[in-house]
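The values are calculated or read from the model by the stated rules, or taken from the named source; none is laboratory data. Bear in mind that the values here come from a model prediction, so they are computed numbers and not experimental data. All Cβ positions, even for glycine, are placed from backbone atoms using ideal geometry, and neighbour counts span all protein chains on display.
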Amino acid sequence: MPTTIINIYVNDRNIRYTGELETTLKEGDKVSILPAVAGG
């Protein structure tokens with residue numbers, strides 16, 4: 001599993017819940033890598 005300090009999304013779906021690093025990319029897929037945000 002990727003580190004929890006970043007979130008990786010493919011087509012607005014977090015890969016943590018869709019196959020993790022085994023997620024297959026297709027032409028036209030949108031990949032976003034965002035820092036995790038926490039605090040209060």
A careful count of residues in the chain that are surrounded by 10 or more Cβ atoms within 10 Å (Cβ to Cβ), in a strand (DSSP E or B) and hydrophobic (A, V, I, L, M, F, W, C) gives 5
Would you please list the contacts, defined by Cβ atoms under 8 Å and residues six or more apart or on different chains, that run from a residue in the range 20-40 that is free of Cβ contacts under 8 Å to residues at least 40 places away in the same chain to a residue that is part of a loop (DSSP other than H, G, I, E, B) and surrounded by 10 or more Cβ atoms within 10 Å (Cβ to Cβ)? 20/2; 21/2; 29/11; 30/11; 31/25
Can you tell me which residue within the range 14-40, out of those that are farther than 12 Å from residue 4 by Cα and of a type in the set (Gly, Ala, Ser), is modelled with the lowest pLDDT? 40
